[in-house]
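The values are calculated or read from the model by the stated rules, or taken from the named source; none is laboratory data. Note that the structure is a prediction, hence the values are computed from the model and not measured. Glycine also receives a Cβ, built like all others from the backbone with ideal geometry; neighbour counts cover every protein chain displayed.
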């Protein structure tokens, strides 16, 4: 990833873990920050929306909260992604 002048860092993003945000009209909690292939936030719905999670063999065994991956930067790495810009801290 190229260097960017945007005021964002992994440390600053990690401070968001556990915070609630609103995304697409739904309340979510930031549960993880990924920095391996560009910065991304992992959001988990706090509402009772669940989906069935398959195990390693593809068999469904339990319901888990829905998660969403939000890229922090756009494809060029020069601006915030539209999805990240839509987040509202609660």
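Some points to look at:
- Within the stretch 78-90, if we keep just the residues that are assigned to a loop (DSSP other than H, G, I, E, B) and in contact with a strand residue (DSSP E or B) (Cβ under 8 Å, 6 or more places away or on another chain), the residue that is farthest from residue 16 (Cα to Cα) turns out to be 79.
- Residue selection: residue 48 fails the criterion of being in contact (Cβ under 8 Å) with a residue 40 or more places away in the chain and either out of contact with any helix residue (DSSP H, G or I) (no Cβ under 9 Å at 6 or more places or on another chain) or assigned to a loop (DSSP other than H, G, I, E, B) (or both).
- Note on the stretch 24-45: among residues that are touching a helix residue (DSSP H, G or I) at 6+ places or on another chain (Cβ under 8 Å) and at pLDDT 95 or above, the one that is surrounded by the most Cβ atoms within 10 Å (Cβ to Cβ) is 41.
- Verdict on residue 21 being surrounded by 10 or more Cβ atoms within 10 Å (Cβ to Cβ) and in contact with a helix residue (DSSP H, G or I) (Cβ under 6 Å, 6 or more places away or on another chain): no
- If you filter the stretch 51-77 down to residues that are outside any strand (DSSP E or B) and surrounded by 12 or more Cβ atoms within 10 Å (Cβ to Cβ), you find that the one that is modelled with the lowest pLDDT is 77.
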